[in-house]
Structures are given as structure tokens and as C-alpha cells.
Amino acid sequence: MKVPLMVAGLKKVEKGDLSLEEKIELVSADIDTSWGELSKKGVGEQVSVKELLESMIEESDNTAYRTLSRTVGQEAFDEALLALGLPINKDSTISPKDYGNILRSLYISSYLRRPMSELALNMMLRTKYNTQIPAGIPTGIPIAHKVGFNFEIGEFHDCGIVYVPQKPYIICLMSRESSNIEADRVISSVSKIVYDYVSLKNNTLIN
């Protein structure tokens with residue numbers, strides 16, 4: 001849900017209801033030490049909306065996610081989900097196809113305007129987790145992607161846009177009841193197969 005939350009936040013910035021430079025104070029309910037470094041700043045720290053977005057997307061930081069969730073608000077978040085064609089549900093489940101729709105929306109700027117869509121994709125280009133989709137693609141090919149991990153139940157996902165020149169494509173690979181090592185191996189292998197197919201001359205991936 002971190003990418004839809006980013007979209008909801010940027011939509012509020014676009015409308016003028018929020019500023020990227022606006023400082024948000026971390027409260028005790030925001031702090032989550034399970035993922036990311038932002039929690040180390042501690043309660044009372046003032047963090048800009050832009051820094052929160054970058055931490056949430058580039059490092060998958062959970063403290064940034066919690067802080068942005070209360071800042072953006074449920075109404076704006078639900079509005080973004082509907083605009084992206086996603087179900088509003090309590091368990092936050094999502095299919096690879098649904099996640100692909102988020103990426104397609106950012107690519108064609110169907111919900112956010114072009115400057116905000118590009119800002120979102122640029123953050124996704126800088127994500128620090130590169131053992132899945134990027135591992136199957138040659139160095140130098142830009143990839144705007146977001147991973148999702150749940151070690152407790154063995155879910156490891158990676159979805160993104162691979163910017164093959166003149167042939168960019170969306171790919172979303174998810175796993176369940178897997179280990180991190182096995183997910184990395186399989187997802188990177190499938191990523192390579194898809195890249196090799198798309199990059200061949202005269203081949204075009206339809207869906």
C-alpha cells in the first residue's frame with residue numbers, strides 16, 4: 001500500500017492541500033523499528049513530506065508510511081485507490097494485475113499530472129532493493145519499481161516499469177510461502193526471460 005499512499009500524498013500536494021517542504025512531527029504511534037531507519041530519529045523529530053515519501057519508497061520505511069498515513073488521511077487515500085482502480089478492503093491485499101494498473105497510471109499520468117507522476121517514478125527509480133526484477137536485467141536499464149516483503153508468511157514481491165528503449169514494459173511478480181533466497185532466484189530468472197523476449201528486435205509485449 002506504500003505506492004498508492006505516495007500517489008494519494010502527491011495528489012494532495014498537487015491540489016495545494018499539502019507541501020513537499022511541510023514538516024511533520026513524528027509521534028509515538030508513528031515509530032516502527034521493523035523496517036527502515038527513520039524510527040531512529042525518534043519522537044518529536046520534524047521531517048518534511050518529501051523526506052517521508054523518499055524514505056517510504058526508496059527504503060520501504062514503515063515509520064514514514066505510518067506518518068504519511070495519518071498526514072494524508074483515509075479519505076484522500078481511498079480516493080486514490082478508487083482512481084487507480086483498486087479495491088478498498090481491510091486486509092490490503094492486491095493482485096499483480098491491480099498493481100500493474102498503479103504503474104500504468106503513473107506512466108501515462110492518468111491520475112497525477114505529469115510533474116507529480118515523474119516525481120513518483122523518480123523515487124521508484126532509486127529504490128535500494130535490487131535482488132529481484134533488476135537482478136535479471138542488464139546494468140544501465142532504468143527500472144522504477146517497488147518491493148514488498150513479509151518474512152513471517154513468506155511473501156516477496158517486486159513490481160515495476162522496465163525502461164527498455166522504445167519498448168518500456170510493466171512487470172509484476174509476486175510469491176507466497178517462499179524464502180527470500182528462493183524468491184530472489186525465481187523472480188530474477190523470470191525477469192530475465194521477459195527482458196530477453198521484449199528486447200529482441202521486432203518483439204512487443206502486449207500485456
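Tabulated data
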item: Residue within segment 157-164 that is assigned to a loop (DSSP other than H, G, I, E, B), at pLDDT 90 or above and among the hydroxyl-bearing types (Ser, Thr, Tyr) present; result: yes
item: Residue check for residue 34: outside any helix (DSSP H, G or I), surrounded by fewer than 18 Cβ atoms within 10 Å (Cβ to Cβ), of a type in the set (Gly, Ala, Ser) and at pLDDT 95 or above; result: no
item: Cβ-Cβ under 7 Å pairs, at least 6 apart or on other chains, segment 56-75 side touching a residue at least 24 places away in the same chain (Cβ under 8 Å), far side of a type in the set (Phe, Trp, Tyr) and crowded, with 20+ Cβ neighbours inside 10 Å; result: 56/65
item: Single condition residue 185 does not satisfy, out of (1) part of a loop (DSSP other than H, G, I, E, B); (2) without any contact (Cβ under 8 Å) to a residue 24 or more places away in the chain; result: (1)
item: Residues (surrounded by fewer than 16 Cβ atoms within 10 Å (Cβ to Cβ) and within 17 Å of the chain's Cα centre (by Cα)) located in segment 37-69; result: none
item: Residue satisfying all of: in segment 71-88; β-branched (Val, Ile, Thr) and modelled with pLDDT of 90 or more; surrounded by the most Cβ atoms within 10 Å (Cβ to Cβ) among these; result: 72
item: Per-region count, segment 64-98, residues out of contact with any helix residue (DSSP H, G or I) (no Cβ under 8 Å at 6 or more places or on another chain) and either among the β-branched types (Val, Ile, Thr) or on the phi < 0 side of the Ramachandran plot (or both); result: 13
item: Residue in segment 89-96 that is within 18 Å of residue 168 (Cβ to Cβ) and either in contact (Cβ under 8 Å) with a residue 12 or more places away in the chain or small (Gly, Ala, Ser) (or both) present; result: yes
item: Among (1) in contact with a strand residue (DSSP E or B) (Cβ under 7 Å, 6 or more places away or on another chain); (2) farther than 18 Å from residue 106 by Cα, the one test that residue 72 misses; result: (1)
item: Some residue of segment 93-101 being over 23 Å from residue 53 (Cα atoms) and surrounded by 15 or more Cβ atoms within 10 Å (Cβ to Cβ); result: no
item: Hey, residue 117 modelled with pLDDT under 95 and among the hydroxyl-bearing types (Ser, Thr, Tyr) or not; result: no
item: Leading residue by the ranking (nearest to the chain's Cα centre (by Cα)) among those in segment 22-31 that are in a loop (DSSP other than H, G, I, E, B) and within 24 Å of residue 128 (Cβ to Cβ); result: 31
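The values are calculated or read from the model by the stated rules, or taken from the named source; none is laboratory data. The structure displayed is predicted, hence computed values, not measured ones. We place every Cβ from the backbone using ideal geometry, glycine too, and count neighbours over all the protein chains shown.
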